[in-house]
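Engineer: Got a structure for you, written out below as structure tokens; questions coming shortly.
Bear in mind these aren't lab numbers, they're just calculated from the coordinates by the rules spelled out. Since the structure is predicted, the reported quantities are computational estimates derived from the model, not experimental observations. With ideal geometry, Cβ positions are generated from the backbone for all residues, glycine too; neighbour counts draw on all protein chains shown.
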Amino acid sequence: MRNTGEFQERKVGIVKRQFAANALLQPAFPAYPMEGAEMRPVTKITIFGFRLAIVVLVAYWFCIFVGTHLPNIDEIVDLRFGLNDKVKHFDKVKHFAAFFLLGALLCYVTNSPRWLKRFAIIGLVGMAYAAVDEITQNFIPGRYPDVLDFAADTAGLWSAIAIYVAAKYLYLMFHKETSGESIA
């Protein structure tokens with residue numbers, strides 16, 4: 001009997017040490033903090049060991065980079081035929097939409113219980129990329145850096161963050177109410 005008790009204590013001690021070691025090795029931000037929630041079922045899908053959302057983010061970010069660094073043939077040859085104002089306004093809409101989607105994907109992929117820090121970092125990283133993107137366009141034929149493009153990028157990014165935060169807050173607020181009603 002004494003040997004069995006000591007064996008069980010050793011077994012429990014080993015399990016506790018393994019759990020503690022795994023807890024130390026895990027990243028600071030859990031990948032799936034809301035395991036039982038129905039809000040993000042896509043996050044469990046993986047491709048070659050990477051989460052699908054991360055693969056989509058990387059592919060989209062690559063497409064933005066390539067798209068903004070291709071030579072602008074219309075600007076070089078001047079095939080706009082007097083449509084300068086319409087093209088410029090449509091260009092700002094494209095910048096806004098591109099960075100709105102980038103911001104939404106960044107919000108979706110990241111996770112942290114510290115919302116302010118998380119979204120501030122997303123915003124600053126997105127703005128830094130927008131600035132670098134505009135500056136490096138100076139080296140591409142037919143492209144030029146534009147402060148208004150940067151402003152459209154920033155507006156799209158922060159709009160996505162604001163909408164994501166509002167939607168997440170509303171979801172959590174209503175999710176708590178419905179779970180509280182089922183308990184009562």
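Engineer: Can you pull out every residue in region 130-145 that is in a helix (DSSP H, G or I) and either without any contact (Cβ under 8 Å) to a residue 12 or more places away in the chain or crowded, with 17+ Cβ neighbours inside 10 Å (or both)?
Structural biologist: Scanning region 130-145 gives Ala130, Val132, Asp133, Glu134, Ile135, Gln137, Asn138, Phe139.
Engineer: Can you spot a residue in region 146-162 that is within 20 Å of Thr68 (Cα to Cα) and not in a helix (DSSP H, G or I)?
Structural biologist: The answer is yes; a qualifying residue exists.
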